[in-house]
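Engineer: Below is a structure I'd like to ask you about.
Just so it is clear, none of the values below were taken in a lab; they were calculated from the coordinates. Values in this document were obtained by computation on a predicted structure and should not be read as measured data. Reconstructed Cβ throughout: ideal geometry from the backbone, glycine too, with neighbour counts over all protein chains shown.
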Amino acid sequence: MPDLESQPFWDALRDGKLLLQRCLDCKGSFFYARPFCPTCWSDRVEWFEASGKGTLYTYSVVYSNDLPPFGERVPYIAAVVDLEEGPRIQTNVVECEFDALAVDLPVEVVFQPISDEITIPVFRPA
Ligand SMILES: [Zn+2]
């Protein structure tokens, strides 16, 4: 759900860009959107465009989910991806045979519109 803090992230996704934030003091990158650095608590943070590249940290093939709208999407791949810049992101893997899934699989972002307002970042094998 977009809010004041995360609006730049959602706006960029509609334009095909994945944004992260970084700290101007300790130089760490982080996700999700916050007005301060989760490492050193500095409020000197900025947005930057991520490469969209990463590796699969973990995954699960979901065959049953009663929570709308996921029931109509099964089976799907729930995943956590380690982005090249460091942060981890909860996501889905798409365009991938289940047998091809593997920890450390190189992946790249795909921008998936789910409404007029919201585009979500999902990942496919690179
Ligand atoms: Zn910091």
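Engineer: Please give, to one decimal in nm, the separation of the simple spin-label points placed at Ser60 and Phe111, each 7 Å out from Cα toward the Cβ.
Structural biologist: Label-label distance for Ser60 and Phe111, simple model: 3.0 nm.
Engineer: Test of understanding: ordering Thr55, Thr91, Thr39 by Cβ neighbours within 10 Å, fewest first, what list do you get?
Structural biologist: Going from sparsest to densest Cβ surroundings: Thr39, Thr55, Thr91.
Engineer: For the stretch 7-125, what is the convex hull volume of the alpha-carbon atoms per residue, in Å³?
Structural biologist: Expressed per residue, the convex hull around the Cα atoms of the stretch 7-125 is 111 Å³.
Engineer: When you count, for each residue, the other Cβ atoms within 10 Å and take the mean per peptide, how do 66-79, 104-117 rank with the highest first?
Structural biologist: Values: 66-79: 11.5, 104-117: 13.9.
Descending packing order for the listed peptides: 104-117, 66-79.
Engineer: Please check: in the Gaussian network model of the chain (C-alpha springs, under 10 Å), which one of Val94, Val81, Val61 has the largest mean-square fluctuation.
Structural biologist: Answer for the Gaussian network model of the chain: Val61.
Engineer: Given the rule -39500 (n - 2.57) for each run of at least 4 DSSP H residues, summed and divided by the residues of the chain, what is its mean residue ellipticity at 222 nm, to the nearest 500 deg cm²/dmol?
Structural biologist: Helix contribution divided over all residues of the chain: -1500 deg cm²/dmol.
Engineer: Continuing with the same structure: Report, in whole Å, the centroid distance computed from the Cα atoms of the stretch 34-49 and the stretch 93-126.
Structural biologist: The stretch 34-49 and the stretch 93-126 have Cα centres spaced 26 Å from each other.
Engineer: Separate question: Please arrange Lys27, Lys17 by how many other C-beta atoms lie within 10 Å of their C-beta, fewest to most. Could the numbers behind the result be given before it?
Structural biologist: Values: Lys27 10, Lys17 17.
Final ranking by Cβ density, sparse to dense: Lys27, Lys17.
Engineer: Same structure, new question: Give me D for the stretch 65-109 in µm² s⁻¹, whole number, from Stokes-Einstein with Rh from the Kirkwood sum over alpha-carbon pairs, 4 °C and 1.567 mPa s.
Structural biologist: It comes out at roughly 109 µm²/s.
Engineer: Go ahead and run the numbers for FRET between Asp99 and Tyr32, Cβ-Cβ distance against an R0 of 25 Å, rounding to 0.05.
Structural biologist: Working from the Cβ atoms, E equals 0.20.
Engineer: Which residue, Glu84, Glu46, Glu97, has the most motion in a Gaussian network model of the chain that connects Cα atoms within less than 10 Å?
Structural biologist: The residue with the greatest mean-square fluctuation here is Glu97.
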